[in-house]
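S.K.: Quick one: structure below, then a few questions.
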Amino acid sequence: MNAAVTRARGLDASDLARIAIFAALIAVLGLPGAINVGAVPITAQTLGVMLAGAVLGARRGALSVIVVLALVAIGLPLLSGGRGGLGVFVAPSAGYLIGWVFGAFVIGLIVRAGANRPTWWRVALGAVVGGILVIYLFGIPVQSALTQLPLGETIIASAVFLPGDLIKAALTVVITMALWRAYPRAFAWSTSPTQASVNAAR
Ligand SMILES: O=C(O)CCCC[C@@H]1SC[C@@H]2NC(=O)N[C@@H]21
């Protein structure tokens, strides 16, 4: 795709590179495998989803998740445990996968709202609302429908994800703020940060 076409769609070559890097990060976080606790696994990949939204912003963050899901759909084994193919989209964890897209989007919205640089509390709020609540909002009803476990029981069962997801949200804050200090240009959505604004985040 040439520069003129990507610019016309609002994405330049550096955006595409960022999206590809975060898609790769999400995929790499699947390599350690999953902890199987029932129909839906505990996976580190949600850390990548949270980071994509916080660093790339809503649209680009969601796009990086869509890239991963598209590659999974055509059969690449990029989900934890080396899973891929269309079957994962009709499995009990399918709703969570769709939730990743909206979760990354919401994190980006919250981190960016009214700000041109990340602050730790916005990243924390974004990670909890987008990276946990929004993803659960999509995931739990689909899990309930496909496992035929009543919604209330599925909600209770999904509490097993919370400790790990809260740790991932905390890691998202630490990594995002460290990246902002070390390499603010990574943040696709921030206006060219001055050293003063970087220092203010220290
Ligand atoms: O690999 C898949 O098929 C999707 C896994 C979805 C896992 C969900 S995302 C939210 C919650 N946190 C986890 O660690 N696991 C579940």
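S.K.: Does Leu56 satisfy the criteria of being modelled with pLDDT of 95 or more and surrounded by fewer than 17 Cβ atoms within 10 Å (Cβ to Cβ)?
M.R.: Here the answer is no, as Leu56 does not meet what is asked.
This table checks each residue for (1) more than 15 Å from the ligand (Cβ to nearest atom); (2) under 13 Å from the mean Cα position of the chain (by Cα); (3) part of a helix (DSSP H, G or I).
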{"site": "Gly61", "(1), (2), (3)": "yes, yes, yes"}
{"site": "Val68", "(1), (2), (3)": "no, yes, yes"}
{"site": "Val72", "(1), (2), (3)": "no, no, yes"}
{"site": "Leu76", "(1), (2), (3)": "no, no, no"}
{"site": "Gly103", "(1), (2), (3)": "no, yes, yes"}
{"site": "Asn116", "(1), (2), (3)": "yes, no, no"}
{"site": "Trp121", "(1), (2), (3)": "yes, no, yes"}
{"site": "Leu125", "(1), (2), (3)": "yes, no, yes"}
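S.K.: Pick from Ile135, Ile140: which is touching a residue at least 12 places away in the same chain (Cβ under 8 Å) and crowded, with 23+ Cβ neighbours inside 10 Å? Working first, answer last.
M.R.: Numbers: Ile140 fails: crowded, with 23+ Cβ neighbours inside 10 Å.
Being touching a residue at least 12 places away in the same chain (Cβ under 8 Å) and crowded, with 23+ Cβ neighbours inside 10 Å holds for just one of Ile135, Ile140, which is Ile135.
S.K.: Could I ask something else about it? Which pairs turn up if I take residues in region 162-183 that are part of a helix (DSSP H, G or I) and look for partners that are among the charged types (D, E, K, R) and surrounded by fewer than 16 Cβ atoms within 10 Å (Cβ to Cβ) with beta carbon separation below 8 Å, at least 6 apart in sequence or on another chain?
M.R.: Arg181/Arg202
S.K.: Is one or more of the residues making up region 141-155 of a type in the set (A, V, I, L, M) and under 15 Å from the mean Cα position of the chain (by Cα)?
M.R.: Going through region 141-155, the residues of a type in the set (A, V, I, L, M) turn out to be 142, 145-146, 149, 151, 155.
Now narrow it down to the ones that are under 15 Å from the mean Cα position of the chain (by Cα): none.
No: region 141-155 contains no residue that is of a type in the set (A, V, I, L, M) and under 15 Å from the mean Cα position of the chain (by Cα).
S.K.: Further question on the same structure: Report, by residue number, each residue of region 133-175 that is touching a Ser or Thr at 6+ places or on another chain (Cβ under 7 Å), near the ligand (Cβ under 10 Å from one of its atoms) and over 20 Å from Phe105 (Cβ atoms).
M.R.: If the condition is that a residue be touching a Ser or Thr at 6+ places or on another chain (Cβ under 7 Å), near the ligand (Cβ under 10 Å from one of its atoms) and over 20 Å from Phe105 (Cβ atoms), then Gln143 is the only one that fits.
S.K.: Identify, please: which residue in region 4-41 is more than 16 Å from the ligand (Cβ to nearest atom) and modelled with pLDDT of 95 or more and is, among those, surrounded by the fewest Cβ atoms within 10 Å (Cβ to Cβ)? Working first, answer last.
M.R.: Of region 4-41, the ones more than 16 Å from the ligand (Cβ to nearest atom) are 4-22, 24.
Filter once more, keeping what is modelled with pLDDT of 95 or more: 16-22, 24.
Numbers: Leu16: 15, Ala17: 11, Arg18: 24, Ile19: 23, Ala20: 13, Ile21: 14, Phe22: 27, Ala24: 15.
Filtering region 4-41 for residues that are more than 16 Å from the ligand (Cβ to nearest atom) and modelled with pLDDT of 95 or more, the one surrounded by the fewest Cβ atoms within 10 Å (Cβ to Cβ) comes out as Ala17.
Yes/no matrix, rows are residues, columns are (1) hydrophobic (A, V, I, L, M, F, W, C); (2) within 22 Å of Leu171 (Cβ to Cβ):
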{"residue": "Ser64", "(1), (2)": "no, yes"}
{"residue": "Leu78", "(1), (2)": "yes, yes"}
{"residue": "Trp100", "(1), (2)": "yes, yes"}
{"residue": "Val106", "(1), (2)": "yes, yes"}
{"residue": "Arg112", "(1), (2)": "no, yes"}
{"residue": "Asn116", "(1), (2)": "no, no"}
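S.K.: Taking the conditions exactly as written (surrounded by 19 or more Cβ atoms within 10 Å (Cβ to Cβ), of a type in the set (A, V, I, L, M, F, W, C) and either assigned to a loop (DSSP other than H, G, I, E, B) or within 14 Å of the ligand (Cβ to nearest atom) (or both)), does Ile107 satisfy them or not? Spell out how you get there, then give the answer.
M.R.: Working: surrounded by 19 or more Cβ atoms within 10 Å (Cβ to Cβ): yes; of a type in the set (A, V, I, L, M, F, W, C): yes; either assigned to a loop (DSSP other than H, G, I, E, B) or within 14 Å of the ligand (Cβ to nearest atom) (or both): yes.
Judged against the criteria, Ile107 is a match.
S.K.: Tell me which residues, restricted to region 27-59, are in contact with a strand residue (DSSP E or B) (Cβ under 8 Å, 6 or more places away or on another chain) and assigned to a helix (DSSP H, G or I).
M.R.: Residue satisfying the conditions is Gln45 alone.
The values are calculated or read from the model by the stated rules, or taken from the named source; none is laboratory data. Computed from a prediction, not measured in an experiment: that's the story for all the values here. Note that we place each Cβ from the backbone using ideal geometry, even for glycine, and neighbour counts take in every protein chain shown.
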